[in-house]
Amino acid sequence: MKKIKTIFNRNWEGDKTVVDNFVEGVSSEILSAAIPTEKLDGMNVRVTIRSGTCVRLEKRRNPDKIQKHKGIIEPWYVDASISSEDKWLNDALANTDLSKLPDGEWSGEALGKNIQGNSLNLENNRIVFFSLGQAPVFENVPMTYVELKEWLPKQKSKYGNNCGIEGIVWHGKDGEMFKIKTKDFVKDNR
């Protein structure tokens, strides 16, 4: 699994916000050929499906500081446990209809009332499979720094209840994905 690239460079020496120039490999031409979807704020999971049944649930694991120091920068998946540590991921899986989904390994976002603070104001936990095109599509998304900075905070979620959006993820035809978050334009006060 590769981390999704943020479309703009960051001010790493200063406040960590994005700056008005695309990262290498991103352009308005590339973004205009991609499908913009709502970035859903939850926990990244991968579900292996066979005959409409989950045979494996995995969760994203990010490298720790020691691993990053060794050059390990990309996240990977580890098995979710049946223990209480992953009970809300298992609950999200139980609340998700897999019966019509094709066999395979599908990435998605576990969302809901017990996951990541429930920024979408959902009533139960569930999984949305962005790898199967289930994330809501946004039309006429601007692609410039100035336009996105103004546009993002004004958008309402197409998936959540009475809330804004976390951001946009563009899905390219080649499987490449690019993102921008609303908070990328706000000074990090940590």
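Pick from 118, 44, 140: which is most flexible by mean-square fluctuation in a GNM of the chain where alpha carbon atoms under 10 Å apart are linked?
Its mean-square fluctuation being the largest, the pick is 140.
Jot down the per residue volume, in cubic angstrom and as a whole number, of the convex hull over the alpha-carbon atoms of the range 1-51.
Measuring per residue, one finds 158 Å³ for the Cα hull of the range 1-51.
For the range 1-108, count the residues as N, evaluate 2.2 N^0.38 Å, and divide the Cα radius of gyration by that value, please.
After normalising by residue count via 2.2 N^0.38 Å, the value is 1.35.
So which of 3/156; 68/100; 65/173; 65/87 end up more than 32 Å apart by C-alpha?
Too far apart for the 32 Å limit: 68/100; 65/173.
Using a 1.4 Å probe over the heavy atoms of the protein chains, calculate the carbon and sulfur portion of the accessible area of the chain as a whole percent.
49 percent
Distance from the Cα centre of the range 119-137 to that of the range 30-80, in angstrom?
Going from one Cα centre to the other spans 14 Å.
Kirkwood hydrodynamic radius (Cα pairs, Å) of the range 75-171?
About 15.3 Å, per the Kirkwood formula over Cα pairs.
Give or take rounding to whole Å, what are the principal axis extents of the alpha carbon atoms in the range 69-117, in descending order?
41, 27, 20
Residue 187: which aspartates and glutamates have alpha carbons under 20 Å from its alpha carbon, excluding same-chain residues fewer than 8 sequence positions away?
13, 15, 20, 41, 147, 150, 166
For the range 7-116, which GluC sites (Glu not before Pro) are both in a DSSP coil and crowded by at most 15 other Cβ atoms within 10 Å?
In loop regions of the range 7-116 (DSSP not H, G, I, E or B), the sparsely surrounded GluC sites (Glu not before Pro) are 13, 24.
Ignoring ligands, DNA and RNA, what accessible area per residue does the chain give at 1.4 Å, in Å²?
Averaged over the residues of the chain, the accessible area is 59 Å².
What per residue convex hull volume, in Å³, do the alpha-carbon atoms of the chain yield?
Cα-based convex hull of the chain, divided per residue, equals 146 Å³.
The values are calculated or read from the model by the stated rules, or taken from the named source; none is laboratory data. Model, not experiment: these values are computed from the prediction. Because the Cβ atoms are built from the backbone with ideal geometry, glycine has one as well, and the counts that use them run over all protein chains shown. Ligands, DNA and RNA are excluded from the accessible area calculation, which covers all protein heavy atoms including side chains. Shrake-Rupley method; radii C 1.70, N 1.55, O 1.52, S 1.80 Å.
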